[in-house]
Structure formats: structure tokens, C-alpha cells
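S.K.: Quick one: the structure is below, and I'll ask about it shortly.
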Amino acid sequence: MKQEFLNHQATLLYHIFEKDCKKMFPKINDKKFIKDLEKKLSNLNIPIDENSSWYKINKELRLISNVVKHGKGSSYNRLKELKPDLFKKNFGFLLKSDIEISLNDIIIYGNSIKNFWIKFFDIALVSEHRI
């Protein structure tokens with residue numbers, strides 16, 4: 001149960017982040033939200049590359065969330081390639097997912113979200129661009 005709780009906390013973190021993004025950018029079309037948001041972030045000079053907080057949240061955490069919610073599928077396969085270390089055990093019939101999120105992972109993803117918003121507001125508040 002502890003493992004499933006930690007896995008679902010990762011899903012909760014991503015859900016809150018996604019909800020906050022949609023509140024901050026209400027005019028972006030839902031069907032291509034991520035792509036349009038990345039364009040807007042790039043225009044603001046907010047990093048979205050593989051070393052950025054955005055990537056850690058939107059690529060890794062989003063895939064984790066999808067795997068926890070839906071199990072095997074395309075997100076599962078991409079996450080397994082991207083983060084094979086999360087696939088440590090086969091938990092059996094009681095748990096929906098076979099990934100193992102640690103408390104340290106939750107802290108890292110939480111800090112990535114915090115760092116993203118700090119960077120975003122530092123840039124956006126002094127930028128001439130409209131959000």
C-alpha cells in the first residue's frame with residue numbers, strides 16, 4: 001500500500017501542475033496544449049530542453065502519471081526507455097502498476113515544479129511578452 005500511495009502522489013503532483021498551467025494559460029487550445037505552451041515558454045526564454053525543470057515535469061512526471069493511471073501502453077513503453085530504474089519489481093496482483101516511485105523521487109519532482117514556477121515568474125514578471 002505504501003508503494004501505491006507514493007506512486008499516486010506522483011500522479012497528484014502532475015495533475016496539480018497541469019491544472020496550474022491551464023489556469024495560467026487559459027487561452028491555449030486544449031487539443032495541442034503542451035505544444036503551444038512549449039512555444040510560449042520558449043518565446044519567454046524559459047528552458048524546455050532535456051536539462052530543464054519543464055522536461056523533468058512534462059516528460060518524466062507526465063509519463064509516470066499516465067503509467068500509474070493506465071498501466072501498460074505507449075506511456076509505459078516510453079517511460080521504461082527513459083527511466084528504466086523505476087521498474088524494479090513486479091508487485092503482483094494487488095497493485096496496478098509495476099513502477100516504484102520513492103519518496104526521494106516525489107521530493108525531486110516537487111522541487112522541479114517549484115523551480116519551474118520560480119523561473120517562470122522571475123522571467124514573466126519582467127518580460128515585455130504577454131502571458
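We did not get these values from a lab; they are worked out from the coordinates using the rules stated. Every value quoted in this text rests on a predicted model; they were computed, and no experiment measured them. Please note: Cβ atoms are built from the backbone with ideal geometry, for glycine as well, and neighbour counts cover all protein chains shown.
S.K.: Taking every Cα atom in the range 2-124, find the radius of gyration and the maximum pairwise distance Dmax, and write them in Å.
M.R.: 14.9, 47
S.K.: Let me ask something else about it. Sort 43-53, 112-122 by the packing proxy (mean of other Cβ within 10 Å over each peptide's residues), most packed first.
M.R.: Details: 43-53: 13.7, 112-122: 15.9.
Top of the packing list down: 112-122, 43-53.
S.K.: Let me ask something else. List, in order, the whole-Hz ³J(HN,Hα) value for each residue of the range 37-53 obtained from phi through the Karplus relation with A = 6.51, B = -1.76, C = 1.60 and θ = phi - 60°; use x for Gly and Pro.
M.R.: After applying 6.51 cos²θ - 1.76 cosθ + 1.60, I find 5, 4, 4, 5, 5, 4, 4, 8, 6, 8, x, 10, 6, 4, 9, 8, 4 Hz.
S.K.: Using alpha carbons only, how many degrees (0 to 90, rounded to 10) separate the axis of helix 103-124 from the longest principal axis of the chain?
M.R.: Once rounded, the angle reads 10 degrees.
S.K.: Residue by residue, what Karplus-based ³J(HN,Hα) values in Hz, rounded to whole numbers, does the range 8-22 have, using 6.51, -1.76 and 1.60 with θ = phi - 60° and x for Gly and Pro?
M.R.: 6, 5, 4, 4, 4, 4, 5, 4, 5, 4, 4, 4, 5, 4, 5
S.K.: Give the peptides 81-88, 27-34 in descending order of average Cβ contacts within 10 Å, highest first. Kindly include the intermediate steps, with their values, before the conclusion.
M.R.: On the way: 81-88: 13.0, 27-34: 10.6.
Descending mean neighbour count gives 81-88, 27-34.
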